[in-house]
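Participant: Quick one: the structure is below, questions incoming.
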Amino acid sequence: MLPQKIIILMGSKNDLTFARKIEEFIKQEGFNVNCEYLIASAHRNPDYLLQRLDENEKKGEVIVYVTIAGLSDALSGVTAGFTTRPVIACPPDIEKYGLMKVFSSVMTPKGVPVMLVSNPENAALAAIKILALNNSLLCKEIAAYNQKKRKEVMADSEVGK
């Protein structure tokens, strides 16, 4: 099986605290997935961003990108436009900017798909589910996680009785 990982791509180091929630969730829940962090701005150093995307394409690894960018989210669209890998936008400021932020993250041209997941834990889980398409171990880990969440809900429902 080819190496698999989630690359958490940030527009600046200011996004790191939010970005770390993705890896924290993965570790906390025991998913067997590696994360890599990369800071590259689509506005300030697009040449570096494109270079790194090109390098990742050539490695032959199975990658899902989770992009985290504040303000104008060019990072997600540029990443989606220059890679064959899935891109999940997870903006750190969606609650602050609302629909304007949603528009900035996902209104991309045809052929440049970006998925939007506003919660970092859910972005991690979405990326893991994509990786699980070719990884039976991850499928089992997801099934165990789902069962755990079901049990939590059932335990909560017993509280009121």
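Participant: Please find, within region 24-54, the residue that is surrounded by the most Cβ atoms within 10 Å (Cβ to Cβ) out of those that are touching a Pro at 6+ places or on another chain (Cβ under 9 Å) and not small (Gly, Ala, Ser).
Facilitator: The selected residue is Phe25.
Participant: Picking from Lys21, Lys27, Lys58, which residue would you name as being under 16 Å from Glu121 (Cα atoms), out of contact with any Gly (no Cβ under 7 Å at 6 or more places or on another chain), of a type outside the set (Phe, Trp, Tyr) and without any contact (Cβ under 8 Å) to a residue 12 or more places away in the chain?
Facilitator: Working: Lys21 fails: without any contact (Cβ under 8 Å) to a residue 12 or more places away in the chain; Lys58 fails: under 16 Å from Glu121 (Cα atoms).
Going through Lys21, Lys27, Lys58 in turn, just one is under 16 Å from Glu121 (Cα atoms), out of contact with any Gly (no Cβ under 7 Å at 6 or more places or on another chain), of a type outside the set (Phe, Trp, Tyr) and without any contact (Cβ under 8 Å) to a residue 12 or more places away in the chain: Lys27.
Participant: Within region 96-146, restricting attention to residues that are under 16 Å from the mean Cα position of the chain (by Cα) and among the charged types (D, E, K, R), which residue is surrounded by the fewest Cβ atoms within 10 Å (Cβ to Cβ)?
Facilitator: Only one residue fits best here, namely Lys129.
So that you can scan it fast, the table gives a plain yes or no per residue for (1) touching a residue at least 24 places away in the same chain (Cβ under 8 Å); (2) not in a helix (DSSP H, G or I):
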| residue | (1), (2) |
| --- | --- |
| Ser76 | yes, no |
| Thr79 | yes, no |
| Arg85 | yes, yes |
| Ile130 | yes, no |
| Leu133 | no, no |
| Lys140 | no, no |
| Gln147 | no, no |
| Arg150 | no, no |
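Participant: Another one. Given the residues Ser76, Ser157, Ser105, Ser136, which is the only one that is among the small types (Gly, Ala, Ser), farther than 21 Å from Glu57 by Cβ and touching a strand residue (DSSP E or B) at 6+ places or on another chain (Cβ under 7 Å)?
Facilitator: Numbers: Ser76 fails: farther than 21 Å from Glu57 by Cβ; Ser157 fails: touching a strand residue (DSSP E or B) at 6+ places or on another chain (Cβ under 7 Å); Ser136 fails: touching a strand residue (DSSP E or B) at 6+ places or on another chain (Cβ under 7 Å).
Going through Ser76, Ser157, Ser105, Ser136 in turn, the sole match is Ser105.
Values quoted throughout were computed directly from the atomic coordinates according to the rules given, and no laboratory measurement underlies them. Predicted model, so just to flag it, every value in this text is computed and none were measured. Glycine gets a Cβ as well: all are built from the backbone with ideal geometry, and neighbour counts include every protein chain shown.
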